[in-house]
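One structure below.
The values are calculated or read from the model by the stated rules, or taken from the named source; none is laboratory data. Quick caveat: nothing in here was measured; it's all calculated off a predicted structure. Every residue, glycine as well, gets a Cβ built from its backbone with ideal geometry; the counts of neighbours run over all protein chains shown. Note: accessible area is taken over every heavy atom of the protein model, side chains too, but ligands, DNA and RNA are not part of it. Shrake-Rupley method; radii C 1.70, N 1.55, O 1.52, S 1.80 Å.
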Amino acid sequence: MNPAGLGWMAWTWQTGIFFGFIATMLVVMTIWELRVPGGNPRRGVLRIDTTRGDRLFISLLSAAFLHLLWLAFVGPPLWGATLLSVGLAVLVFRYV
């Protein structure tokens, strides 16, 4: 039994790495914003004003949907979806 009451979730080392990566990204984004303030939001190809945090959120949400679509149409393993997600995040931070 998991003492934190989280026994319902499959806590594997992969799950731990995933959540650790998300937490690390949030810490890095916070430090980046404190050291180099983002300034005014910018308008990209979506024609909406976005900040760094907005672009991170769009990247994470896009990655989640991309992985779900990959599972639906291709199946495991997910390395291809992960590589596409990283590439998509680079494009989002560059052009959105």
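Give just the number: which of (1) modelled with pLDDT of 95 or more; (2) open to solvent by less than 90 Å² (accessible area, probe 1.4 Å) does Phe73 not satisfy?
Phe73 satisfies every listed condition except (2).
Does Val36 satisfy the condition of being without any contact (Cβ under 8 Å) to a residue 40 or more places away in the chain, open to solvent by 60 Å² or more (accessible area, probe 1.4 Å) and among the β-branched types (Val, Ile, Thr)?
yes
If I filter the stretch 6-29 down to residues being of a type in the set (Ser, Thr, Tyr) and under 15 Å from the mean Cα position of the chain (by Cα), which single residue comes out as farthest from Leu56 (Cα to Cα)?
Looking at residues that are of a type in the set (Ser, Thr, Tyr) and under 15 Å from the mean Cα position of the chain (by Cα), I get Thr15.
Looking at Thr30 and the list (1) touching a residue at least 12 places away in the same chain (Cβ under 8 Å); (2) open to solvent by 60 Å² or more (accessible area, probe 1.4 Å), which single condition is not satisfied?
(1) is the only condition that Thr30 fails.
Scan the stretch 55-96 residue by residue and report those that are in a helix (DSSP H, G or I), of a type outside the set (Gly, Ala, Ser) and touching a residue at least 24 places away in the same chain (Cβ under 8 Å).
Within the stretch 55-96, Arg55, Leu56, Ile58, Leu60, Leu88, Val92, Phe93, Tyr95 qualify.
What are the residues in the stretch 39-54 that are open to solvent by less than 60 Å² (accessible area, probe 1.4 Å) and assigned to a helix (DSSP H, G or I), if any?
Within the stretch 39-54, Arg52, Gly53 qualify.
Any chance you could count how many residues in the stretch 12-22 are open to solvent by 50 Å² or more (accessible area, probe 1.4 Å) and either more than 30 Å from Arg52 (Cα to Cα) or small (Gly, Ala, Ser) (or both)?
1
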